[in-house]
Amino acid sequence: MQKSVLVIGGGPGGYVAAIRAAQLGARVTLVEENKLGGTCLNRGCIPTKALYRSAELVDTLCRIDEFGMQLKGFSYDYSALKLRKDSIVAGLVKGIEQLMKANGIEVLYGRARFTGKKTVTVAFPSGNATEITADAIVVATGSVPAEPPVKGLDLPGVIGSDELLEAGSLPKSMIIIGGGVIGIEFAGIYGTLGTDVTVLEYMPSILPGVDSEIARRLATSLKRRGIKIETGVRVTEIRRERDSLKVCAESGKGEMCHEAATVLVATGRKPNIDGLGLEEAGIEHSVKGIRTDGRFMTSSPDVYAIGDVTGGIMLAHVASEQGKAVAEIIMGLEAPEEKVIPSCIFTFPEIATAGITEEEAKAAKIQYRTGKFMFGANGKAMAMGETEGFVKTIVDAQSNKILGVHIMGPHASDLIHEGVLAMQCGLTANDLERTVHAHPTLSEAFYESVLGAYGRALHIIPPRRP
Ligand code: FAD
Ligand code: NAD
């Protein structure tokens with residue numbers, strides 16, 4: 001008999017689960033209360049990267065003389081940048097709608113809520129409602145911004161990433177609370193587009209968890225671009241002062257305050273579970289998200305949860321990978337092996353990491369070697385005028401397997417996948433050395449960083465021999 005699968009949430013987790021389940025022969029219904037594509041397409045990955053590209057062009061145009069060209073001034077209208085972003089998003093959402101149709105997936109636009117163990121009620125905007133039950137239910141309701149314990153969050157001008165992406169004009173000045181991934185991506189984009197940006201981060205460095213050398217170098221690079229960064233400060237209060245907002249923070253040196261027209265709160269996200277009726281379905285959860293076992297099953301049989309709502313790594317490709325895996329498990333296939341997860345941060349320059357950091361290797365008392373190659377010594381990077389940054393590879397000193405790759409530099413987000421492939425397949429430095437890397441390419445920097453772990457990099461001046 002054909003299996004029925006109900007998916008709640010049409011983000012990159014939910015819609016991929018729906019497609020894969022349909023591919024495997026299930027009758028699939030997907031419920032979405034807003035637009036298909038979820039946070040990623042509508043309020044996250046895609047709109048930010050569309051604006052990132054515009055900022056990247058502005059950055060290049062501002063230093064066009066480096067390429068031997070002169071430009072007699074240039075201008076841009078932020079509303080046109082926003083229009084471009086909105087049309088890219090709309091095109092992708094339409095694409096997902098077509099994918100649903102082509103895979104025979106029924107999409108219901110309404111809000112889902114559990115009303116029993118395996119019963120879900122969908123409330124439509126018209127006021128009507130319907131009750132659905134299925135052989136398996138996948139919860140993929142994503143995440144929403146977490147509000148920090150800071151006074152004054154409700155003041156006009158204090159916004160989150162959703163509101164900033166919807167704004168029709170460029171903020172004149174902006175204080176960003178939180179120097180994590182969202183805070184730093186927005187700082188790079190808006191700082192480059194012309195906003196006067198200040199980042200206030202609680203931890204001793206921006207991008208906690210990222211390779212410390214990369215985080216340190218990036219902070220220097222952003223400061224060089226005029227972005228102000230204060231670390232080790234905890235924002236406690238926002239007040240309105242005449243025409244601006246005053247943000248006050250506790251630091252080791254006492255209270256410090258900064259003023260700006262706009263305040264962006266980017267202090268993390270929390271699983272979206274409010275009003276889902278999890279109690280009615282007996283689904284165990286906490287503020288950290290829905291609890292699942294190694295096969296995405298919740299405490300309620302045949303009800304699964306994937307993506308941001310489980311409170312794990314909040315990345316679109318993680319949600320999609322889990323969506324594919326949960327559909328295969330539901331349809332009786334083997335659970336996939338554990339995967340190496342890359343993480344990319346779209347700053348100036350880009351950052352991409354996979355595997356363990358040097359700090360983690362030290363903490364785990366792993367014997368390791370590191371190889372590093374600077375883009376300043378890479379022909380393609382020089383030709384592109386993008387020489388800032390490096391590739392760092394961490395290799396197990398005993399097995400010679402690649403344990404971590406950390407890149408800061410041009411197209412880091414594309415380059416990381418050679419490292420991901422190496423780690424997923426358990427390749428050694430020797431395996432990588434056997435592969436030919438075309439010249440001139442940015443990939444040569446990865447190859448050289450692997451050789452560098454053994455002191456054999458070719459395009460680095462070796463230390464003087466006695
Ligand atoms: P979501 O994408 O949040 O989708 C959940 C869906 O469920 C939503 O469409 C919602 O409307 C729907 N829903 C919720 N409750 C109900 C209900 N009761 N009934 C019906 N529907 C419901 N990740 C990256 O990998 N790369 C990036 O570059 C990146 N950039 C980001 C930038 C920003 C500003 C933000 C905020 C996030 C970014 N992320 C990025 C993270 C990424 O967007 C999320 O990890 C990803 O969208 C999670 O997918 P999901 O399917 O779990 O949930
Ligand atoms: P985050 O956890 O990365 O960063 C939040 C930061 O705010 C932390 O560094 C924290 O120390 C700081 N903070 C918290 N309270 C503070 C206070 N009172 N004062 C000063 N600093 C304070 O969260 P985020 O940046 O909001 O991102 C949320 C999620 O979205 C992340 O999990 C990330 O994976 C995902 N995301 C990914 C991408 C990408 O992959 N390129 C882009 C954007 C977002």
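The values are calculated or read from the model by the stated rules, or taken from the named source; none is laboratory data. Keep in mind the model is a prediction, meaning the values are calculated, not measured. For neighbour counting, all protein chains shown are included, and Cβ atoms are generated from backbone atoms with ideal geometry for every residue, glycine included.
Summary of values
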item	result
Pairs, first within 16 Å of Ala55 (Cα to Cα) and away from ligand 1 (no atom under 12 Å from the Cβ) in the stretch 170-182, second at pLDDT 95 or above and small (Gly, Ala, Ser), C-beta under 6 Å, six or more apart	Pro171/Ala261; Lys172/Ala261
Of all residues in the stretch 437-466 being within 31 Å of the chain's Cα centre (by Cα) and in a loop (DSSP other than H, G, I, E, B), the one that is nearest to Ile394 (Cα to Cα)	Ala453
Ala325 of a type in the set (A, V, I, L, M), under 30 Å from Leu57 (Cβ atoms) and crowded, with 16+ Cβ neighbours inside 10 Å	no
Matching residues in the stretch 264-314 - criterion: being in a loop (DSSP other than H, G, I, E, B), more than 14 Å from ligand 1 (Cβ to nearest atom) and among the aliphatic types (A, V, I, L, M)	Val287
Complete set of residues in the stretch 102-147 that are within 17 Å of Ala26 (Cα to Cα), in a strand (DSSP E or B) and among the polar types (S, T, N, Q)	Thr133
Residue check, Lys49 more than 24 Å from Ile189 (Cα to Cα), near ligand 1 (Cβ under 9 Å from one of its atoms), outside any strand (DSSP E or B) and in contact (Cβ under 8 Å) with a residue 12 or more places away in the chain	no
Conditions (1) in contact (Cβ under 8 Å) with a residue 40 or more places away in the chain; (2) away from ligand 2 (no atom under 15 Å from the Cβ); (3) farther than 17 Å from Lys85 by Cα: number failed by Gly191	(1)
Hey, Lys253 at pLDDT below 95, more than 16 Å from ligand 1 (Cβ to nearest atom) and basic (Lys, Arg) or not	yes
Number of the exception - Asp162 against (1) within 21 Å of Met314 (Cβ to Cβ); (2) more than 23 Å from the chain's Cα centre (by Cα); (3) surrounded by 13 or more Cβ atoms within 10 Å (Cβ to Cβ)	(2)
Residue within the stretch 299-307 that is within 16 Å of ligand 2 (Cβ to nearest atom) and either in contact (Cβ under 8 Å) with a residue 12 or more places away in the chain or not acidic (Asp, Glu) (or both) present	yes
